Structures are given as structure tokens and as C-alpha cells.
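To keep things clear, I will list the structure first and then write my remarks on it.
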Amino acid sequence: MDEKIIFLVEDNPDDEALTIRALEDNHIRTHVEVARDGAEAVAFLAGERKPKVGAWPPHIILLDLNLPKLHGLDVLSSLKQDRVMSNIPVIVLTTSDNDFERLD
């Protein structure tokens, strides 16, 4: 059986490393596939790129909001319009002070 995947959409290498370390520190030892901008994330979710390891679609998505090329809310909107992807849990990550982004 293929390993489950966590899909991390994060443009900041430090935040990517911190997230992966937090997963490892909590004994979550699954493959993390990374997209570094919103356009890459949407292409990946549409199947234009295949994961290096494990089963697709991902088991969970960790999504940064402030992304280059395509904002995280646009990625989320695209996700929720897809029949398969809309059922995947998404955890939104942000350091934004914008109440709209934090509370929506």
C-alpha cells in the first residue's frame, strides 16, 4: 500500500523546514510533498505533477495564504471546486495580521 502524503504549500524555506521539523518532532513520519507557490500547487492538485512517493491525492493539505503567483485563498477555492480534492482536510497557515485572512 502506498504511503499517505501531506501536501505542504509554502514559499518560505524556513517555514517549510519548521513545519517538517514539527511533524518529525511529533513522530509524524509520512512523506511531505511541497509546492512553493500557488500556481505550482494548483498544477499539482490538477495532476500535472506526480508525487515522488506515496499515494495521491494527499491525506491532508497544509496551505500558506501569502503565496507568490496565486494567493492561498485562490488555491483553496480551486481545491474546493474539485470533486475529489474538496474532501481533503486543509489547514491554513498564515502569519498575516489581516483579520479577513485569519478569521474567514
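The values are calculated or read from the model by the stated rules, or taken from the named source; none is laboratory data. Everything quoted here is computed from the prediction, not taken from an experiment. Neighbour counts run over all protein chains shown; Cβ positions are idealised from the backbone, glycine included. The accessibility values were calculated without ligands, DNA or RNA, using every heavy atom of the protein model including side chains. Shrake-Rupley method; radii C 1.70, N 1.55, O 1.52, S 1.80 Å.
Quick notes on this structure:
- Prolate/oblate/rounded label for the chain (Cα gyration tensor, a/c 1.5): oblate
- Rounded to the nearest 20, the size of the Cβ-charge dipole of the chain about its Cα centre is 500 debye, with Lys and Arg at +1 and Asp and Glu at -1.
- With every protein chain in place, segment 1-59: carbon and sulfur % of accessible area (1.4 Å): 51 percent
- Over the residues of the chain, the helix contribution to mean residue ellipticity at 222 nm works out to -9500 deg cm²/dmol, using -39500 (n - 2.57) for each DSSP H run of at least 4.
- Only lysines eight or more places from LYS69 in sequence, or on another chain, were considered; those with a Cα closer than 21 Å are LYS50, LYS80.
- Sites TRP56 and ALA22, calculated FRET efficiency, Cβ-Cβ separation with R0 22 Å, nearest 0.05: 0.40
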